[in-house]
1. Just want the ordering: THR86, THR27, THR209, THR95, from fewest to most Cβ atoms lying within 10 Å of their own Cβ.
2. How large is the charge dipole for segment 14-57, taken about the Cα centre, if only the Cβ atoms of Lys, Arg (+1) and Asp, Glu (-1) carry charge, to the nearest 20 debye?
3. Tell me, what ³J(HN,Hα) does each residue in segment 317-324 have, in order and in whole Hz, if you take phi through Karplus 6.51 cos²θ - 1.76 cosθ + 1.60 with θ = phi - 60° and put x for Gly and Pro?
4. Quick one: 3J(HN,Hα) in Hz for segment 180-192, Karplus 6.51/-1.76/1.60 with θ = phi - 60°, rounded, Gly and Pro as x.
5. Give me TYR99, TYR283 ranked fewest to most by other Cβ atoms within 10 Å of their Cβ, as a rough exposure proxy.
6. Taking neighbour counts of Cβ atoms within 10 Å as a proxy for exposure, in what order, fewest first, do PHE104, PHE205 appear?
7. For segment 327-337, what does the Karplus curve 6.51 cos²θ - 1.76 cosθ + 1.60, with θ = phi - 60°, yield as ³J(HN,Hα) per residue in whole Hz, taken in order and with x for Gly and Pro?
8. Could you tell me the extents of segment 271-339's C-alpha atoms along the three principal axes, largest first, rounded to whole Å?
Amino acid sequence: MAGTGAGSGRRATIWQVAEAAGVSHQTVSRYLRADSGMKPQTREKVRAAIEELGYRPNLSARSMRTRRSNRIGVLLPSDSAFQASTLSGALDIATTEGYAIEVFAVDGDARAAFERVLQIADSGQVDGILALAPLPPDTEHSYPGRAAIVASADYDERTRSMGAMADGSPIGEIVEGLHGLGHRRLMHVTGDMEFASARNRRAAFVEATRRLGIDPALVHTGTWSEEAGHEAVRTIAAMPREERPTAIVAASDLVAVGVINGAREQGWRIPEDLSVSGWDAHYLGGVLQPALTTVKDDRRQLGRNAMSRLLAALRDEPLPAEEVLSTVIWRDSTGKAPA
């Protein structure tokens, strides 16, 4: 297919997609109509050919033939600073599958977002709606006869992490890693416990320490602040040396910075005397000395996962397996337990 498709200046045709996929042009047309009867292997071959050739269907012509709009509505909160990467991920999937995106903004709380979704769903402008603004609980499947809806807000109206972004399971991986380095006395410094993310990270820490036989599971309840880390260090400095934790698992990078600064004020070395980890993959953690072990949240993948769920709903297909959103990044702030 040299000279056709992405980067060639000429638009690929449905016939060329069919040839590249080894199927008929009618099969490509069925794919573009989101025919739920297609075999998964065939669908994947067509999708790969479309992506390789940079094929983009004529949306207006498709709409006239199928009575579909071939548009996806994406609902964003008016203050959407947290959502740029998530929106980019959703666009990745939608454009590859031949859908245009229309973005709608909403002010107010989850109830206002719910009302806006109903308006958009009833308008006939879109085939499906991806709500990145928070909706009331248990409303995602409450729209019979309307456009398909997928709710995937990662923050509520008070910018508290929720949903996939509140998953605390990477804390368990950190605890296991520290246990493998010989640590048997660990402390967790929490974030603000109003946040689901803080509660879930605490729960993951307690579960992992109990499973590994680390007793007691030391937890210092804090906030998302550097001062919370300082306070935790002052607490353990007052403990008998033989009872002090040799590693602190902080709920955020900012809390971890407070731990590191407090430890240095005590004359403790990182990680020789105290291992420290955070969460957020803030760029400052990478330039600290030593660099901070942390957790990176992939918000772009969150958008990809959410859009894939929406397209599966449109096609009446099983929900796709979702890619992992959070990854532990091991750096030099964690090391072997002191002898």
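Just so you know, all these numbers are worked out from the coordinates, no wet-lab data involved. Everything quoted here is computed from the prediction, not taken from an experiment. Glycine gets a Cβ as well: all are built from the backbone with ideal geometry, and neighbour counts include every protein chain shown.
1. THR95, THR27, THR209, THR86
2. Taking the Cα centre of segment 14-57 as origin, the dipole is about 160 debye.
3. Computed from phi, the couplings for segment 317-324 are 10, x, 5, x, 5, 9, 6, 5 Hz.
4. x, 8, x, 6, 10, 10, 10, 10, 10, 9, 7, x, 4
5. Working: TYR99 26, TYR283 8.
Least crowded to most crowded, the residues run TYR283, TYR99.
6. Values: PHE104 18, PHE205 26.
The order, fewest Cβ neighbours first, is PHE104, PHE205.
7. 10, 7, 10, 7, 10, 7, 7, 10, x, 5, 5
8. 57, 25, 10
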